[in-house]
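A.B. asks: Dropping the structure in here first, questions after.
Please treat every number below as a calculation from the coordinates, not as lab data. Quick caveat, the model's predicted, so the values are computed rather than measured. Positions of Cβ are generated from backbone atoms using ideal geometry, with glycine treated the same way; all protein chains shown enter the neighbour counts.
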Amino acid sequence: MKAKKIVITGGPGTGKSSIIFELEKRGYTCLHEISRQVTLEAQKEGIDQLFLEQPLLFSEKLLEGRDAQYREAEASEQDLIFIDRGVHDVVAYMDYFNTKYDEPFISTCKQRKYEQVFMLPPWEEIYKSDNERYESFEEAEKISQFLSNTYINYGYKPLVVPTGTVKERADFILKHIER
C-alpha cells in the first residue's frame, strides 16, 4: 500500500512549519519546506536572493526538490506522509510573480497526485517577515489566493485549517484526513 501524501500549504507565515514539527513530534513522517535550503545554497554560491535575482532558476530548483520529496513519499512504507508544500506551490508562486514557465512545470503538476491538501489561511497575528520571508502581510494574502486557485485548477479541494494553537490545528488536520 502506498503512503497517503498530504500537503500542508498556505501563504508565507501561516504556520505550516510549526504544524509539520507538531505532527513530527507525534510520530508522523513529515517532509519539510525546502525553499530556505535552496536560498541558503545559492547564497553560498554568492547569489544573495536567488528568488529575486533568478526567479526561473529558483523555481526550477524548487520543483526539482519538491518532485524528489514526492518520489520519496511514493517509495515510503508509511501510511501517511505530511509534506510542507507540494509541486503545485511552485506554479502558484510563478503565477503570482507573473513569471513565464514552460511545459515541465505543468506536466509535473499534472503527474504528481496528492491524496489531500490542507490550506492554512493568512493570519496576521502570527505573521513575521525575516531574511528569507520578505513579503508584506498583504502580499502573503494574495499569494494564499494564488495557491488556493492553483490547487483548485488542478482538481483539488483544499480544506482550510482554522486558526488556533498549533496543537488544535494539527488535531484538525488529523481529524479531517480522508480514510
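A.B. asks: Given a Förster distance of 35 angstrom, what is the FRET efficiency for GLU141 paired with GLN78, based on the Cβ-Cβ distance and rounded to 0.05?
C.D. replies: It comes to 0.55.
A.B. asks: In addition: For SER148, SER107, SER35, what's the fewest-to-most ordering of other Cβ within 10 Å of each Cβ?
C.D. replies: Least crowded to most crowded, the residues run SER107, SER148, SER35.
A.B. asks: Still on this structure, I have one more. Which one, GLN111, GLN69, GLN49, has the greatest fluctuation when you compute a Gaussian network model over the chain with C-alpha springs under 10 angstrom?
C.D. replies: Top of the fluctuation ranking is GLN111.
A.B. asks: Quote the relative contact order of the chain in percent (integer), defining contacts as alpha-carbon pairs under 8 Å separated by 6+ residues.
C.D. replies: Result for the chain is 35 percent.
A.B. asks: Which of the GluC sites (Glu not before Pro) across the range 3-46 are loop residues per DSSP, with 15 or fewer other Cβ within 10 Å?
C.D. replies: Loop-located and lightly packed - GLU45.
A.B. asks: Taking only Cα atoms and a 10 Å spring cutoff, compute GNM fluctuations for the chain and point out the largest among ARG36, ARG26, ARG112.
C.D. replies: In the Gaussian network model the winner is ARG26.
A.B. asks: Which number comes out as Rg/Rh for the range 9-87 once both Rg and the Kirkwood Rh are worked out on C-alpha atoms?
C.D. replies: For the range 9-87, the value is 1.01.
A.B. asks: Using only Cα atoms, figure out Rg for the chain and give it as a multiple of 2.2 N^0.38 Å.
C.D. replies: 0.98
A.B. asks: If you don't mind, there's one more thing I want to ask. Amide H of GLY10: which non-local residues (sequence gap of 5 or more, or other chain) have their own amide H closer than 5 Å, using H built in the peptide plane?
C.D. replies: The list, which skips near neighbours in sequence, is LEU120.
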